[in-house]
Structures are given as C-alpha cells and as structure tokens.
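Notes to accompany the following structure.
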Amino acid sequence: MRIMAFDYGTKRVGIAVTDPLQIIANPLTTLHPDKLWPFLHEYMQSEVVATFVVGKPRQMDGTDSQSAEHVVGFTRRLQREFPGIPVVEIDERFTSKMATAAISQSGMNRKKRQNKETVDTLSATIILQDYLNSKSI
C-alpha cells in the first residue's frame, strides 16, 4: 500500500508516491488539473493507496493563503471520488523554495531547472517526505 501526496495548484498538480513499504517518497508526475481525475482513477486500478496527503498552503503567520480555497475544493473532491481513503493535510510552507534549491544544487541543466513541472513534482515529494518523517517521530 502506498501513500500519495499532492502539491495542488490551479495550473499544475505535482504528485508523489511512496514505495509499497511506505519508506521512501518518490516523484511521480505533474499534471494539469483537468487530467488529474482520469489519471487517479487509472492509477488506483493497479496500485493500492492507503492515504492521500495534500499540501495546505499557509502564510508565514500560519493562516491559510489565498490559494488555500482551491486546495479545500480539491480535498473535498478527493474525499468524494475515493471515500475509503483518508486525506491528511500538511503545511506546505517553503516546499517550492526547497524544491527550487534542491534542483539548482542537483546539477540539472538550466532548461530543466526552470521547468515548473519539475518544481511541482519535487514539492509533492517534499510534502510526502515531511509527512513520512512526522509519522516516524
């Protein structure tokens, strides 16, 4: 059983999953929100997902950011589409900055470093790893 994490945005959704033993977070893909639901339904036919983790955008003071309302709608739809899978929200502050920093230090060429899909997928991976780390404490 895997855990799947999302970095939800209105233009792109970064997705990451764990290995079946739920030890390591791995980048999966980045999709346009319109393509997300067919992708998830197809993915669920071949993989078992135990939990969804959704990055919740927050301001520096801990209050919801402007984009949080989109994430609430996404979370509600996740719960409707897959009622048997719990959804956990986790603070996603700084994940995009961390992803951008990791990409710039990785030695990727400039074109790949500037690819926003790479940042979104890596952000989802960081969200998932943060969740895994919080579970093991």
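Readers should treat all values here as calculations from the given coordinates under stated rules, not as data from a laboratory. Because the structure is a prediction, the values reported are computed rather than measured. Don't worry about glycine lacking a Cβ; one is built from the backbone with ideal geometry, like all the others, and counts go over all protein chains shown.
Quick notes on this one:
- Evaluated over the Cα positions of segment 1-45, the convex hull gives a direction-averaged projected area, one quarter of its surface, of 3.0 nm².
- 5 angstrom amide H check on G9, placed H, neighbours 5+ away: G14
- Local net charge near R2, Cβ-Cβ under 12 Å (Lys/Arg +1, Asp/Glu -1): -2
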